[in-house]
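These notes concern the structure reproduced below.
The values are calculated or read from the model by the stated rules, or taken from the named source; none is laboratory data. Worth saying up front: this structure is predicted, and the values here are computed from it rather than measured. Don't worry about glycine lacking a Cβ; one is built from the backbone with ideal geometry, like all the others, and counts go over all protein chains shown. Just the protein is used for accessible areas: all its heavy atoms, side chains included, with ligands, DNA and RNA removed. Shrake-Rupley method; radii C 1.70, N 1.55, O 1.52, S 1.80 Å.
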Amino acid sequence: MNDDVRNLVLGVLAAGISAALGWFARTFLWRRKLRRKQRFFGLPANSECLLVVNRSAGAGDWSVARRDVFALLELASLIKDCEAHAEVIAHDTAQQGFGDRTEFCIGGPVSNHRMAAHLHSMLPGIKVNTDKEPGPDRGAFQIGSERYRWEPGRVEYVIVARLTAHERSRPVFLASGQHSIANQAAVRYLSRHHTGLARKYRDSTFCLLLKVTNSHAYGPDMVELVADVTAAATTPAPA
């Protein structure tokens, strides 16, 4: 074998080894990222989770608001990425505890009875004005001493929470907004920022307040974090 052939063979071998190492490195990083995502959402491969859907507040019969359907589709994509499976159930048929399976609960306490139960049991510091009559405080959030009013199409607030009963239980995720477009914004925020949230909160409970601005023009994309309200939300409000 002359020098040219030997150099060619060595070059091919080196290229093959480099390609293999690169593939293994990319696969390792992808799997590590996937495991972190699965851990944060409590969705190991082939696991089951619940999608608890609400009733459209403006409908006489049982139906789901268009924006809440969009939120469910985004959650379905997230669940598929985690290699898990989802069961969709109506809010008034979810008569079971939590912790055995990851749960995603969408909607306000008026249109989603299970959301109302979660807020009452696990986030007692949050009060939602459920008056049906128009008024400045209709739909407002009361968190601790702060009040957050709903201005339809201009300012809409939404609660995003990750709740756990104990260390080994599967989490419950809440997206409870003053309007269905805020619910979709909350799901999108959770999907886009889960890496940073997992790094900051790890497996613990958290509750965030988000604000959706000018949704008539920008839809669910103009979202900002108002505050981490975990302490106030988990502390019972004074009678």
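Below, the figures for the structure above:
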item: Accessible surface, 1.4 Å probe, highest first, among residues 221, 100; result: 100, 221
item: 22 Å Cα-Cα threshold exceeded, pairs from 80/127; 37/200; 127/211; result: 80/127
item: Karplus-derived HN-Hα couplings along the range 118-135 (A = 6.51, B = -1.76, C = 1.60, θ = phi - 60°), whole Hz, x at Gly and Pro; result: 5, 4, 5, 7, 10, 10, x, x, 9, 10, 10, 6, 9, 4, 8, 6, x, x
item: FRET efficiency, residue 76 to residue 217 (Cβ-Cβ, R0 22 Å, nearest 0.05); result: 0.20
item: Approximate shape of the range 80-239 as ellipsoid semi-axes (Cα gyration tensor, √5λ), whole Å, largest first; result: 23, 19, 16
item: Nearby aspartates and glutamates by direct alpha-carbon distance to residue 33 (threshold 15 angstrom, same-chain neighbours under 8 apart not counted); result: 81, 83
item: For the range 204-215, 3J(HN,Hα) per residue [Karplus equation, 6.51 cos²θ - 1.76 cosθ + 1.60, θ = phi - 60°, Hz, x = Gly/Pro]; result: 8, 6, 8, 9, 10, 10, 10, 10, 9, 10, 6, 5
item: Contour minus Cα-Cα distance for residue 198 and residue 145 (0.36 nm per residue); result: 16.3 nm
